[in-house]
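Student: Structure provided below as structure tokens; questions to follow.
The values are calculated or read from the model by the stated rules, or taken from the named source; none is laboratory data. Computed from a predicted model, the values in this text were never measured in an experiment. Using ideal geometry, Cβ is built from the backbone for each residue, glycine included, and neighbour counts are taken over all protein chains shown. Areas reflect the complete protein model, heavy atoms only, side chains present, ligands, DNA and RNA absent. Shrake-Rupley method; radii C 1.70, N 1.55, O 1.52, S 1.80 Å.
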Amino acid sequence: MTASTGIADTSVRILIVEDSPTQAEHLRHLLEEHGYRVTAAATGAQALVAARREKPALIVSDIVMPEMDGYAFCKAVKSDQQLKDVPVILVTSLSSAGDVVKGLQCGADNFIRKPYEEKYLLARINYALTNRTLRENEKVQIGVHISLGGERHFITADRQQILDLLISTYEEAVHLNEDLKAREEQLAHSNRTLAGLYRIAKRLNSATSQQDVLDQVLEEAMGLPNVQAGWFFLREGETGFRLVAARGLPPALSTPGAMESDCLCRRRLLSGELSEVTNILECERLQKARGDTRGLCCHASVPLWVGDRMVGVMNLVGSQEGLFRDEELQVLNGVGSQIALALERLAAKARAEQYARQLAGRVEVAEAKYQTLMQHANDAIFIIDPAGPVLEVNRRAEAMLGRPSTEIVGRMYIDLVSPASRDGAVAHFQQLLNEGTVHAHDIHLRHSGGRQVCADFSASLVPVRGQPVVLAIARDVTERNRLERQFQQAQKMEAVGQLAGGVAHDFNNLLTVILGYSNLLLGTLPEDDRRRQDVEEIQKAGQSAGALTRQLLAFSRKQILEPVVLDLNAVLANLDRMVRRLIGEDIDIITHLDPELGRVKADAGQIEQVLLNMAVNARDAMPEGGRLTIETGNVELDEQYAHTHPDTTPGHYVVLAVSDTGHGMDEQTQSRLFEPFFTTKEKGKGTGLGLATVYGIVKQSGGSIWVYSELGHGTTFKAYFPRVEGVAAPLVSARSSAQPPSGTETILLVEDAGGLRKLARRVLERYGYTILEAPNGDEALQICERHPGTIHLLLTDVVMPGMSGRTLADRLVLLYPATKVLYTSGYTDNAIVHRGVLAAGAAFLQKPYAPEALARKVRDVLDA
């Protein structure tokens with residue numbers, strides 16, 4: 001590059017090393033625009049190849065890059081005999097002393113810190129190229145002590161590098177000093193502004209009237225930096241603003257009516273656009289008065305809000321664009337709210353004083369006002385004599401008790417309370433008489449219809465015409481408490497489900513071993529062996545335990561579902577004969593199936609279990625016979641229903657309803673109905689898992705279930721399933737249990753439970769397979785690397801310490817693309833099943849499994 005023209009020598013090639021395509025393209029464009037020939041590389045390795053292929057005159061390299069960072073790249077360049085004399089400039093956003101020293105130790109010739117000015121970058125490049133010859137001839141190595149960022153380092157570099165560093169450090173120090181000065185000025189400005197805003201807020205407490213507030217605020221505002229004028233508008237009606245105070249306005253805006261005209265600010269205020277403090281850069285009103293505004297052109301508009309109502313606006317005017325900074329605008333928002341509250345407080349005080357003056361001598365007017373306020377209150381109000389009789393009530397109290405005031409006034413207050421809350425109510429009333437005030441929660445009152453109304457009370461002793469009376473305000477919290485109980489019950493069910501799922505998983509591992517070895521042992525015992533019956537009893541007990549764990553998994557929503565689009569009517573028709581045999585001849589079955597019924601997406605087998613469990617529950621509720629009604633239909637659950645039924649979202653549903661004419665249930669029984677192991681049956685007559693299983697299946701299918709029951713009036717269960725579009729899948733009958741075929745393939749068995757792994761190996765070797773086994777994913781991969789032949793199938797547990805079964809399968813398939821995968825687990829995991837739905841194409845075997853089931857599933861997967 002020539003110093004006289006500033007035009008670069010077009011033969012000079014510069015190599016750019018930058019992993020960011022955007023920054024690399026920007027740098028290329030800048031250098032080519034100034035006449036340099038540019039080569040770019042995205043990584044250090046690519047840059048070394050490019051530099052050796054076509055030696056550049058200069059290298060500009062980023063420091064933070066993947067694989068080989070800028071330090072390692074610079075060190076590689078300086079170690080290369082072909083490239084060691086090429087100057088390297090490191091570009092980085094890092095700025096600590098250690099970063100600079102590290103770069104020098106790697107041989108860097110100079111540094112440029114991001115963000116940089118283009119002229120600053122070009123000057124550094126020009127300097128490096130101009131001094132290249134000098135640098136080549138004067139490689140004088142010197143050692144120096146250098147202090148950067150408060151740290152002292154000893155470095156060895158050539159004399160020119162040390163000089164470059166000093167120049168670079170000086171230039172950056174100059175830039176840093178300029179930045180610090182600018183920031184100090186900004187900080188001082190902000191401090192002056194915030195101090196002025198604090199003084200404004202402080203003076204609000206001493207104001208005695210609305211006008212006093214406005215005048216004092218404007219007086220302080222004139223002391224804020226850059227503020228030269230200001231004014232207040234207060235709201236009048238829906239579309240009007242009235243000028244109520246002003247300071248520093250130029251003559252053109254001080255004439256009567258000058259500030260009342262329409263303007264952009266006014267329109268934006270009325271439309272709600274100026275909901276927060278905003279800098280108005282070009283004020284329309286100030287523009288009209290241009291020439292007589294002393295350069296005033298912009299202002300900050302500060303809306304005055306009381307709740308959701310804007311009562312006015314304060315405008316602070318100056319000649320500088322962006323009168324206030326962002327952090328100052330936020331403080332102004334708060335000051336505006338304080339001003340609005342002060343105005344509202346003083347206005348309320350003025351109204352109260354005026355009202356008190358009007359009230360004097362007009363007791364009859366006060367009485368009318370009192371009655372109006374009392375009768376239109378949202379809460380129930382009771383005026384009670386300290387001796388106990390009720391003196392007066394309002395309409396809300398009549399509605400709460402379901403009685404007219406004539407049936408309430410004169411009765412003792414304690415007679416309105418239900419027996420369950422009477423002792424507490426007596427204690428609270430005595431506390432009121434002793435202390436003058438009391439707050440009582442969950443006092444149950446007696447409604448005329450027989451139900452109880454739960455209320456929160458706040459009561460005080462107040463003087464009326466010189467005599468103390470009790471003013472009690474009651475709020476009906478019956479509905480709120482009911483929703484809270486439902487929410488707490490849902491939380492409890494979720495916690496119990498988590499516990500049940502974990503227990504079922506651990507038991508399934510144990511049961512698989514018990515059932516597997518008992519099955520193998522049976523295969524070795526002759527039919528006439530006396531020990532055979534003992535083993536069969538062990539097997540029956542294990543199978544019963546397995547059924548219990550499957551029910552626990554259903555409740556905890558961790559079972560395997562294979563959902564398809566279903567016609568519930570077809571599922572019910574398929575079960576009709578079984579249901580009739582199950583409930584007996586002394587119970588009549590009535591069905592009402594909607595012929596236009598929508599479709600649902602669910603597991604057919606699990607839906608059958610829902611119906612059978614509800615039918616059995618209904619049968620047990622009608623020991624002397626009765627009527628069982630099964631219904632289906634399309635329903636739409638609206639926002640109101642979802643509000644009163646937690647865990648339900650509005651939408652289109654298909655409902656399955658099962659009703660009986662049995663003995664019904666009380667509220668306490670209904671609240672625990674779906675808990676696992678809860679049963680009202682006598683010992684030995686039920687496990688308490690039937691309805692818990694129903695609950696889990698319905699919830700896992702995306703639906704909800706609710707029970708409606710009253711003692712002596714039967715029970716109705718309603719299960720709601722989301723309605724879907726699509727053609728219903730045909731119902732598939734169970735497959736025959738023929739002896740599973742054997743095989744000769746090689747299977748990699750991965751199971752962290754040692755007893756279960758040993759059993760699975762023994763079973764599969766018995767059917768002719770070659771087994772490679774491992775207790776975890778890491779050892780399994782090592783076996784794969786050593787095994788010379790084909791691995792036909794990976795049989796792996798889902799959840800294992802360290803590497804999961806899903807991760808192992810993903811890595812193994814990369815090595816052996818043809819290998820099939822079969823997952824097994826005591827419960828499901830999101831790696832395989834998301835909310836009980838199998839991942840596409842994943843084969844799964846649920847624990848506990850019988851040896852034949854394992855062999856058959858393995859054969860099915862291998863033959864698929």
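Student: When you scan the range 582-604, how many residues do you find that are outside any loop (DSSP other than H, G, I, E, B) and free of Cβ contacts under 8 Å to residues at least 40 places away in the same chain? Steps first, please.
Tutor: Residues of the range 582-604 outside any loop (DSSP other than H, G, I, E, B): 582-583, 587-592, 599-602, 604.
If we keep only those that are free of Cβ contacts under 8 Å to residues at least 40 places away in the same chain too, we end up with 582.
Summing the residues that are outside any loop (DSSP other than H, G, I, E, B) and free of Cβ contacts under 8 Å to residues at least 40 places away in the same chain in the range 582-604 gives 1.
Student: If the requirement is being of a type outside the set (Asp, Glu) and modelled with pLDDT of 75 or more, which of these qualifies: Ala472, Ala504? So that I can check it myself, show each step before the final result.
Tutor: Details: Ala504 fails: modelled with pLDDT of 75 or more.
Going through Ala472, Ala504 in turn, just one is of a type outside the set (Asp, Glu) and modelled with pLDDT of 75 or more: Ala472.
Student: Please enumerate the residues belonging to the range 735-750 that are modelled with pLDDT under 85 and open to solvent by 100 Å² or more (accessible area, probe 1.4 Å).
Tutor: Within the range 735-750, the subset modelled with pLDDT under 85 is 735-742.
Of everything in the range 735-750, those that are modelled with pLDDT under 85 and open to solvent by 100 Å² or more (accessible area, probe 1.4 Å) turn out to be Arg735, Ser737, Gln739.
Student: Cβ-Cβ below 7 Å, separation at least six or inter-chain, first residue in the range 843-860 and in contact (Cβ under 8 Å) with a residue 12 or more places away in the chain and closer than 14 Å to Leu515 by Cα, second surrounded by fewer than 18 Cβ atoms within 10 Å (Cβ to Cβ) and not aromatic (Phe, Trp, Tyr): which pairs?
Tutor: Pro851/Leu520; Glu852/Pro740
Let's see how each residue does on (1) at pLDDT below 85; (2) touching a Lys or Arg at 6+ places or on another chain (Cβ under 6 Å); (3) hydrophobic (A, V, I, L, M, F, W, C); (4) open to solvent by less than 30 Å² (accessible area, probe 1.4 Å):
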| position | (1), (2), (3), (4) |
| --- | --- |
| Leu597 | no, no, yes, yes |
| Val610 | yes, no, yes, yes |
| Leu637 | yes, no, yes, yes |
| Thr648 | yes, no, no, yes |
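Student: Can you tell me which residue among Gly702, Gly755, Gly686 is in a loop (DSSP other than H, G, I, E, B) and modelled with pLDDT of 70 or more?
Tutor: Details: Gly755 fails: in a loop (DSSP other than H, G, I, E, B); Gly686 fails: modelled with pLDDT of 70 or more.
Only one candidate qualifies: Gly702.
Student: Another question, if that's okay. Pairs under 6 Å by beta carbon, first residue in contact (Cβ under 8 Å) with a residue 24 or more places away in the chain and closer than 11 Å to Ala40 by Cβ in the range 10-22, partner among the acidic types (Asp, Glu) and not in a loop (DSSP other than H, G, I, E, B), six or more apart or different chains?
Tutor: Within 6 Å, the pairs are Glu18/Asp62.
Student: While we're on this one: Scan the range 766-825 for residues that are open to solvent by less than 20 Å² (accessible area, probe 1.4 Å) and under 17 Å from Gly743 (Cα atoms) and report the count.
Tutor: Final tally of qualifying residues: 8.
Student: Taking the range 380-435 only, how many residues are in a loop (DSSP other than H, G, I, E, B) and either surrounded by 13 or more Cβ atoms within 10 Å (Cβ to Cβ) or acidic (Asp, Glu) (or both)?
Tutor: The first filter runs over the range 380-435 and keeps only residues in a loop (DSSP other than H, G, I, E, B), leaving 385-388, 394, 402-404, 408-411, 418.
Then drop every residue that is not either surrounded by 13 or more Cβ atoms within 10 Å (Cβ to Cβ) or acidic (Asp, Glu) (or both), which leaves 385-386, 388, 394, 402-403, 408-409, 411, 418.
Residues flagged as in a loop (DSSP other than H, G, I, E, B) and either surrounded by 13 or more Cβ atoms within 10 Å (Cβ to Cβ) or acidic (Asp, Glu) (or both) within the range 380-435 amount to 10.
Student: From the list Glu136, Glu67, which one is of a type outside the set (Gly, Ala, Ser), at pLDDT below 85 and on the phi > 0 side of the Ramachandran plot?
Tutor: On the way: Glu136 fails: on the phi > 0 side of the Ramachandran plot.
Checking each option against the conditions leaves just Glu67.
Student: Turning to a different aspect of this structure: Restricting attention to the range 541-581, which residues are part of a helix (DSSP H, G or I), at pLDDT below 75 and either open to solvent by 60 Å² or more (accessible area, probe 1.4 Å) or small (Gly, Ala, Ser) (or both)?
Tutor: Quick first cut of the range 541-581, residues part of a helix (DSSP H, G or I) only: 541-555, 568-581.
Of the ones still in play, those that are also at pLDDT below 75 are 541-555.
Those that are part of a helix (DSSP H, G or I), at pLDDT below 75 and either open to solvent by 60 Å² or more (accessible area, probe 1.4 Å) or small (Gly, Ala, Ser) (or both): Ala541, Gly542, Gln543, Ser544, Ala545, Gly546, Ala547, Leu548, Arg550, Ala554.
Student: List the pairs whose first member sits in the range 244-255 and is part of a loop (DSSP other than H, G, I, E, B), whose second member is buried (at least 18 other Cβ atoms within 10 Å of the Cβ), and whose Cβ atoms are under 6 Å apart, counting only residues at least 6 apart or on separate chains?
Tutor: So the pair list comes out as Gly248/Gln228; Gly248/Ala229; Leu249/Ala229; Pro250/Thr293.
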